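The values are calculated or read from the model by the stated rules, or taken from the named source; none is laboratory data. Since the model is a prediction, treat every value here as computed from it, not as a measurement. Cβ atoms come from the backbone with ideal geometry, glycine included; neighbour counts cover every protein chain shown.
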Amino acid sequence: MTQLEDHSTDDYVERTSPIVATAVAFWICAVALALVAYVGAGLNVLGDGADIATVLPRWAGAASGVLWFFLPMIYIVGLWLFASRDEAFPN
């Protein structure tokens with residue numbers, strides 16, 4: 001931020017928007033993973049006869065696996081974008 005006047009506005013937006021987008025995606029995925037874990041754990045105590053208690057934990061388990069795949073991938077992409085921004089836009 002101290003070198004903001006050295007870069008044009010378009011250059012600054014191009015440097016930061018991919019990093020911000022991956023940060024937002026990471027936190028959305030992390031919150032969704034926490035909610036899925038909460039739903040999956042909380043519905044197991046409803047009882048054996050309830051239909052919702054048998055359907056949602058299976059769904060939560062599948063969604064949890066997908067979210068655990070994407071969470072580190074989004075983090076790695078964000079880290080790569082952060083590390084490579086100085087090469088793409090030198091000071």
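At-a-glance table
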| item | result |
| --- | --- |
| When residues of region 42-78 are limited to those that are modelled with pLDDT under 60 and among the aliphatic types (A, V, I, L, M), the one surrounded by the most Cβ atoms within 10 Å (Cβ to Cβ) | LEU43 |
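Per-residue answers, yes or no, for (1) among the basic types (Lys, Arg); (2) modelled with pLDDT of 60 or more; (3) over 17 Å from the mean Cα position of the chain (by Cα); (4) farther than 29 Å from PHE69 by Cβ:
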site	(1), (2), (3), (4)
THR9	no, no, yes, yes
TYR12	no, yes, yes, yes
SER17	no, yes, no, no
VAL24	no, yes, no, no
VAL31	no, yes, no, no
ALA37	no, yes, no, no
GLY40	no, yes, yes, no
